[in-house]
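The values are calculated or read from the model by the stated rules, or taken from the named source; none is laboratory data. Predicted model, so just to flag it, every value in this text is computed and none were measured. Glycine gets a Cβ as well: all are built from the backbone with ideal geometry, and neighbour counts include every protein chain shown. Heavy atoms of the whole protein, side chains included, go into the accessibility calculation; ligands, DNA and RNA do not. Shrake-Rupley method; radii C 1.70, N 1.55, O 1.52, S 1.80 Å.
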Amino acid sequence: MEQFRAVRVLGQGGFGQVLEVVKRDCGVRYAMKVMKKDAMKQALGVTWRKKIAMEANILSSLQHPFMVNLKYAFQNSDFLCLVMDLVPSGDLSEFVLTPRRLTAEQTKWAIMEVVEVLAYMHLQRILYRDLKPENLLVDDEGHVRLIDMGLAVRWSGEKPRRTS
C-alpha cells in the first residue's frame, strides 16, 4: 500500500471501497478495489477465499481493451487490494436511469463492444454472469469497459453449464 497514494473514493460496496490512487514511483493513476477480509468472510461464508481467489485469477488471466484490466494485486492480514485501470467517466446507468440518452449510433457501438468483450471471455472459457449498466464503464474515448468479475466462473468440458 505504501507504493500508492490515495486521491479520492470512487465508490463504496459491501466489502469495502474503490479508490483512485497514484503509484508513487511513476505517477500513473489507477483504481484500487480495497476489500475487507472480515466483511467477505461474513457475506460469503467458509468459501470466501475460494470465491475471491477465483475473481483475482480470472482478472489476472484476461487483458482486453473493453475491460478494466488488473495491474497489481496484494493483501495484508485485513485487506485484499486489486489495482486496475482507472476509468473515472462513469457507467452506462447514467444513460438508462437519467434523462441523458445515447444516440442510436452510440447504442449500436456500445452493444458491439459488449458482444466483443463477452466473446473474448467465452473464448477463454469464462462466463461473466453479471451484465448490467452499472458494470459497464464508459472511458474518456467513449468505449465500454466491463468491470466486476465477482460472479464470473470458468467452465470445463464442451458446453458451459451452471445451475446457479
Once you list every other residue whose beta carbon is under 11 Å from the beta carbon of Ser89, what net charge do they have if Lys and Arg are +1 and Asp and Glu are -1?
-4
Assigning unit charges at the beta carbon (Lys, Arg +1; Asp, Glu -1) and nothing else, what dipole magnitude in debye, to the nearest 20, does the stretch 39-164 show about its Cα centre?
760
Tell me, what ³J(HN,Hα) does each residue in the stretch 92-102 have, in order and in whole Hz, if you take phi through Karplus 6.51 cos²θ - 1.76 cosθ + 1.60 with θ = phi - 60° and put x for Gly and Pro?
5, 4, 4, 9, 9, 9, 10, x, 5, 10, 7
Anything over 18 Å Cα to Cα? Flag those among Lys33/Lys71; Lys71/Lys132; Lys108/Lys132, in the order listed.
Lys71/Lys132
Rounded to the nearest 5, what is the percent of antiparallel bridges among the DSSP beta bridges in the chain?
95
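Exposed loop sites here are GluC sites (Glu not before Pro) in DSSP loop states with at most 10 other C-beta atoms within 10 Å. What is the longest stretch of the chain lacking them?
3-140
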Local net charge near Leu19, Cβ-Cβ under 12 Å (Lys/Arg +1, Asp/Glu -1)
+3
Per DSSP H run of n ≥ 4, the term is -39500 (n - 2.57); total these for the chain, divide by its residue number, and report the mean residue ellipticity at 222 nm rounded to 500 deg cm²/dmol.
-8500 deg cm²/dmol
Calculated from backbone phi, Karplus (6.51, -1.76, 1.60) coupling profile of the stretch 4-20 in Hz, x at Gly/Pro
10, 10, 6, 9, 6, 7, 8, x, 10, x, x, 9, x, 9, 10, 10, 7
Ordered by residue, what ³J(HN,Hα) values in Hz, to whole numbers, does the stretch 76-87 give under the Karplus form 6.51 cos²θ - 1.76 cosθ + 1.60, where θ = phi - 60° and Gly and Pro are x?
10, 5, 10, 10, 10, 10, 10, 9, 10, 3, 8, 10
Check which residues have an amide H placed less than 5 Å from Leu151's amide H, if you skip close sequence neighbours.
none
In the stretch 1-92, the trypsin sites (Lys or Arg not before Pro) that fall in loop regions by DSSP, at most 11 other Cβ within 10 Å:
Arg24
Accessible surface of the stretch 1-82, 1.4 Å probe, proportion on carbon and sulfur as whole %:
53
Grab the other residues whose beta carbon is less than 13 angstrom from that of Glu55, score K and R as +1, D and E as -1, and report the net.
+4
Scan [x] -0.26, -0.49, -1.34; [y] -0.33, -0.59, -1.38; [z] -0.23, -0.44, -1.25 for the value of log10 I(q)/I(0) by the Debye sum over Cα atoms at q = 0.08, 0.11, 0.19 Å⁻¹ calculated from this model and give just the label.
[x]
